[in-house]
Structure formats: structure tokens, C-alpha cells
Amino acid sequence: MWHNNILETIGNTPLVKLNKITKEVKATVLAKIETTNPGNSIKDRMAIKMIEDAERDGRLKPGGTIIEGTSGNTGMGLAIAAVIKGYKCIFTTTDKQSKEKVDALRAFGAEVIVCPTNVDPEDPRSYYSVSSRLEREVLNSWKPNQYDNLSNAQAHYEQTGPEIWEQTEGKITHLVVGVGTGGTISGTARFLKEKNPAIQVLGIDTYGSVFKKYKETGILDKSEIYPYITEGIGEDFLPQNVNFSLIDHFEKVTDKDAALMTREIARKEGIFAGNSTGSAVAGVIQMRDRFKESDVVVIIFPDHGSRYMGKMYNDDWLRERGFLKDGKLTARDIISKKESPEIITIDSEKTVLEAINTIKTLNISQIPVTQQGMVIGKITESDILSSLLENASLKSQPVKNITTAPFPFVDLNTSIDKISSMINKENIAVLVEDEQDNIEIITQYDIINAMAV
């Protein structure tokens, strides 16, 4: 038997027992694998539900444009449905989201506008505000507003909750879900608690988000809000889809623990999942004292690892944020092994002749150029030679007249492999700012020296 279109394949996702990653947890831990949906995420469920409800009541009309602020997965679900149903899509997202998510949306013909992360929701530059403005400006458009559109939670009440109840034969004791829009946890929890009010619903939050404190105190604390890396969960406001009365507890998980656990799930369970899945599994391990051997814990695995190849599954990305420690040398190690760590710079107003004398005296081949203490460029032996061959009178002119683009900056945690790949004919060195805000230079010689020590 075949399906009439790809939308008919949404739902009925598998429930899989975790065996190695949660060995510290006494309970039976099961993963609801939502990556088998056509858009590789749980958001397909509510995307089609929001569209069909809007079609039914006339908010979305034939040939219309769907405009939404999305971290990527909801956009994917909407984009797939739009292809089948004949709608256009414009999505706004944040610069925090992975490039893979943005590229995937564009692959389905959607227009994607990337907005800054670190602004208030009310700021006209925020991805919430930009999507609202576009809805006003674009004729025959509709904004699903996944945060406050209760069709979101209803989709999970009608689909995800019943599936979990049937798959566990009603034995589920705990539901664990990363909370973003709140639709998944609230809709699923409402169905399950109607079946068994004793089921505990545990929300996963991240540091920089407001959910946990609001649940515990009723206070929306703006001082708790700050940028975070974890994708797909946490918010700096209270979406209407988050039904706090259905959520028994919130557990916060750090960016580092979420990122590293995401990788471990692939390596220990063979499940290629996304960033918020890592956060949810790390949260279950943190909460292990809540569970007993007879418990059945279901964790929602919302999306696929392919959307995080440039982030959580990239060693250099993790090292640059201090999340990954291994045997490879880093910029910090190279600097610590330098024979003379003090960097030599030259002010942009000094003459070319003074630069030549500095190079000869100190036996160096390049000098970063500064202006009011800030690095603005560089000069090298080859820069000076080629300039003087063209015009010998340049000796008496300021260095700024022959300054070229500065050496690239790297983080202290950048691996030796990445630094080596950045050093070439155009960039014969890289710069790094140490923990005391001093600028250091790393050359090919410094790398060789560090490896030899």
C-alpha cells in the first residue's frame, strides 16, 4: 500500500530502548525517535496541524504565503506542507541556528531571513518582530505563530500522546521533553495525564532561559536571560503553548553538557540526533535519583543530527568553545611553549624605514600594525620588498601606506590542526588574545617548536 503524498507519512514514529547512554539510570529509558518524520523532526506534526486548522477557518487561503519565525525544524515542516499544498514560505530565524538548518529550508524553495539572536523579542530586528512586520506587509499571508498557536499543542494531544500510551501499553511513568514553544510537552502531557494523572512530566530547560524559575516562583526574571548555544529549547518569554500546570519539574542543562551528550548518543546508541536531544538525555542523567527500577521513562528525540554537522558534531567548533578537551595541542599550548611570547607590533604612523630596522634587529619576518593600540593590519618582508621595488621613496612614508589585511584571530582553544590550515602564503601567522587580553602571534615556527618540545 502506498501513501498519496509525503504528508501522510507523518507520525507513528518508533519507540526505542536506550541501553548504554543511560546505564546510570535505574529505570527503563525509551526514546521516541521523531527523525523518521519526512522533515526529520517532531515539528512536522504541528506544522501540518496548524496549516489544516488555518485552511479550515479561512486564515490561510489558496496561493497564500506562510510567514513564520523558526529555529529551522518548524520551518521545514511548513515548507514541506507548502510544497504539497501550493503555498509560498518566508521564514525568519536567528544567527544562532546552524547553517544546515537554513540551507535545508532554502532547499524547499523558502526565503530565509537571518536575524540577530541577542535582542529582545520586542526589538524590531528580532526574528519575532521581523516575521510580524512581513505578515502585515505581504498580501495574502498568514503567520502560524507556533509559540501561541494552540494547534501546536493540539497536534501532540491528538498524535504524540496516544502513540506513546499505546507503545508503552500504558506503562509510562515519566515523560521528558525539551521545552521551546511548549507544544510538544503540553499537548503530550495533557493526553497522558488524562490517562494517568500520576505520570510525571519533566521539562528540560537551558541556562539563559526563563522557564525553570517561572515554574518555581511565578516570576519572569529578565536578569536570567542571556545568550546560549543550545538550539531548540528555552525562551526569553512565555509562549501560550507552555502549560506550566502540566509540567511537574524543569531541569536546566548547560550548553557544554548538551553538546557533548549529543555526540555520545550517536557513539553509544547509534542514534543520530540533534542538540536538544543531547540536552534531554543529559537532563535525565542529572535527575537519575528521581527514578526507580520499575519506572518507564520516555524521552522525546525531536530532530536529526545532520542539522548540526557544523556545530555539535564538529571537533573544532567544540574546542573553540572550550567544550572538548583532547590530546591535541591548542593555541593556548603553543603560546605557553613559545621562547619569546611577547608580540612585537609597530604603530601605523611609524615609517617604513623604522619597520625595516625592527625586522632586521629582531630577526623577524612580519609585524602586526596597530592604531591606538588596536591591530588594524600587518606588514611582512615581502610586502616591504615589493613596495620598495615599485617606489624607493616609500622608506620615509608611514607604515600604514603599505599595510595589508591583518592576520586572522583564533580562540585560545583552537586546535593545532585548524591553526596549521590557516597559515599559508597569504597568512603566514595567526593572532590570539590571551586571558589577560594581550595579543600574541603564532607562526609556523611556533607550531613546529611546540610539537618538538
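Figure legend. Inter-residue proximity from the stretch 40-68: first residues over 13 Å from Ile80 (Cβ atoms), second residues part of a loop (DSSP other than H, G, I, E, B) and aliphatic (A, V, I, L, M), beta-carbon distance below 7 Å, spacing 6+ or different chains. Indicated pairs: Ala54/Leu60; Thr65/Val138; Ile67/Val138.
Restricting attention to the stretch 275-313, the residues that are surrounded by fewer than 24 Cβ atoms within 10 Å (Cβ to Cβ), more than 20 Å from Lys23 (Cβ to Cβ) and charged (D, E, K, R) add up to 1. Would a scan of the stretch 413-422 turn up a residue that is at pLDDT below 85, farther than 15 Å from Ile334 by Cα and not small (Gly, Ala, Ser)? No - not one qualifying residue is present in the stretch 413-422.
Can you tell me which residues in the stretch 207-228 are part of a helix (DSSP H, G or I) and not hydroxyl-bearing (Ser, Thr, Tyr)?
So the first thing to find is which residues in the stretch 207-228 are part of a helix (DSSP H, G or I), and the list is 211-217, 222-224.
Listed by number, the residues that qualify are Phe211, Lys212, Lys213, Lys215, Glu216, Lys222, Glu224.
Starting from the stretch 101-127, take each residue that is surrounded by 13 or more Cβ atoms within 10 Å (Cβ to Cβ) and list its partners that are aromatic (Phe, Trp, Tyr) and in a loop (DSSP other than H, G, I, E, B), counting only C-beta distances under 6 angstrom and pairs at least six apart or across chains. Listed by first residue and then by second, the contacts come to Pro121/Phe237. Restricting the stretch 132-154 to residues that are part of a helix (DSSP H, G or I) and closer than 17 Å to Ile51 by Cα, the residue that is modelled with the lowest pLDDT is Glu135.
State the number of residues belonging to the stretch 253-307 that are touching a Gly at 6+ places or on another chain (Cβ under 9 Å) and either among the hydrophobic types (A, V, I, L, M, F, W, C) or not in a helix (DSSP H, G or I) (or both). Explain how you work it out, then say what you get.
Going through the stretch 253-307, the residues touching a Gly at 6+ places or on another chain (Cβ under 9 Å) turn out to be 253, 255-266, 271-277, 279-280, 283, 299-307.
From what's left, either among the hydrophobic types (A, V, I, L, M, F, W, C) or not in a helix (DSSP H, G or I) (or both): 253, 258-261, 265-266, 271-274, 280, 299-304.
Residues in the stretch 253-307 being touching a Gly at 6+ places or on another chain (Cβ under 9 Å) and either among the hydrophobic types (A, V, I, L, M, F, W, C) or not in a helix (DSSP H, G or I) (or both): 18 in total.
Can we say Ile219 is within 28 Å of Lys99 (Cα to Cα), among the aliphatic types (A, V, I, L, M), in contact with a helix residue (DSSP H, G or I) (Cβ under 8 Å, 6 or more places away or on another chain) and assigned by TED's automatic domain parsing to the domain that holds Lys20? Answer is no for this residue.
Select from the stretch 222-260 the residues that are without any contact (Cβ under 8 Å) to a residue 24 or more places away in the chain and touching a helix residue (DSSP H, G or I) at 6+ places or on another chain (Cβ under 7 Å) and list them in ascending order. Give the steps one after another, and end with the answer.
Taking the stretch 222-260 and keeping what is without any contact (Cβ under 8 Å) to a residue 24 or more places away in the chain, we get 222-226, 245.
Answer for the stretch 222-260, where residues must be without any contact (Cβ under 8 Å) to a residue 24 or more places away in the chain and touching a helix residue (DSSP H, G or I) at 6+ places or on another chain (Cβ under 7 Å): just Glu224.
Considering only the stretch 262-283, I want to know if a residue exists there that is among the β-branched types (Val, Ile, Thr) and either out of contact with any helix residue (DSSP H, G or I) (no Cβ under 7 Å at 6 or more places or on another chain) or in the same structural domain as Asn438 (by TED's automatic domain parsing) (or both). No: the stretch 262-283 contains no residue that is among the β-branched types (Val, Ile, Thr) and either out of contact with any helix residue (DSSP H, G or I) (no Cβ under 7 Å at 6 or more places or on another chain) or in the same structural domain as Asn438 (by TED's automatic domain parsing) (or both).
Using the structure shown, decide if Thr117 is in contact with a Phe, Trp or Tyr (Cβ under 8 Å, 6 or more places away or on another chain) and either farther than 20 Å from Met50 by Cβ or not aromatic (Phe, Trp, Tyr) (or both). Explain how you work it out, then say what you get.
Working: in contact with a Phe, Trp or Tyr (Cβ under 8 Å, 6 or more places away or on another chain): no; either farther than 20 Å from Met50 by Cβ or not aromatic (Phe, Trp, Tyr) (or both): yes.
Judged against the criteria, Thr117 is not a match.
Is the stretch 262-269 home to any residue that is of a type in the set (Gly, Ala, Ser) and within 26 Å of Ser186 (Cβ to Cβ)?
Within the stretch 262-269, the first condition is being of a type in the set (Gly, Ala, Ser), and the residues that meet it are 266.
If we keep only those that are within 26 Å of Ser186 (Cβ to Cβ) as well, we get none.
Checked against the condition, which is being of a type in the set (Gly, Ala, Ser) and within 26 Å of Ser186 (Cβ to Cβ), the stretch 262-269 yields no hits at all.
With respect to the conditions (1) touching a Leu at 6+ places or on another chain (Cβ under 9 Å); (2) of a type in the set (A, V, I, L, M); (3) under 30 Å from Ile90 (Cβ atoms), Leu175 lacks only one, and its number is (3). Number of residues in the stretch 340-375 that are assigned to a helix (DSSP H, G or I) and among the polar types (S, T, N, Q): the value is 3.
Among residues belonging to the stretch 1-39 that are of a type in the set (D, E, K, R) and within 13 Å of Val298 (Cα to Cα), point out the one that is nearest to the chain's Cα centre (by Cα). Give the derivation first.
Step one: of the stretch 1-39, the residues of a type in the set (D, E, K, R) are 8, 17, 20, 23-24, 26, 32, 34.
Restricting the remaining residues to those that are within 13 Å of Val298 (Cα to Cα) gives 17, 32, 34.
On the way: Lys17: 27, Lys32: 22, Glu34: 19 Å.
Filtering first and then ranking leaves Glu34.
Scanning the stretch 171-230 for residues being surrounded by fewer than 21 Cβ atoms within 10 Å (Cβ to Cβ), hydroxyl-bearing (Ser, Thr, Tyr) and within 25 Å of Arg321 (Cβ to Cβ) gives a total of 4. Among the candidates Gly278, Gly274, the residue that is within 19 Å of Val176 (Cβ to Cβ) and in contact with a strand residue (DSSP E or B) (Cβ under 6 Å, 6 or more places away or on another chain) is uniquely Gly274. Sub-6 Å Cβ pairs linking a first residue in the stretch 7-32 that is closer than 17 Å to Met261 by Cβ to a second residue that is assigned to a loop (DSSP other than H, G, I, E, B) and at pLDDT 95 or above, at least 6 apart or interchain, are Val25/Phe291; Val29/Leu18; Val29/Thr22; Ala31/Leu18, ordered by first then second residue. Could you please let me know if Arg190 is of a type outside the set (Val, Ile, Thr), closer than 23 Å to Ala54 by Cα and without any contact (Cβ under 8 Å) to a residue 12 or more places away in the chain? No.
The values are calculated or read from the model by the stated rules, or taken from the named source; none is laboratory data. Predicted, not measured: the structure shown is a model, and the values here were computed from it. Positions of Cβ are generated from backbone atoms using ideal geometry, with glycine treated the same way; all protein chains shown enter the neighbour counts.
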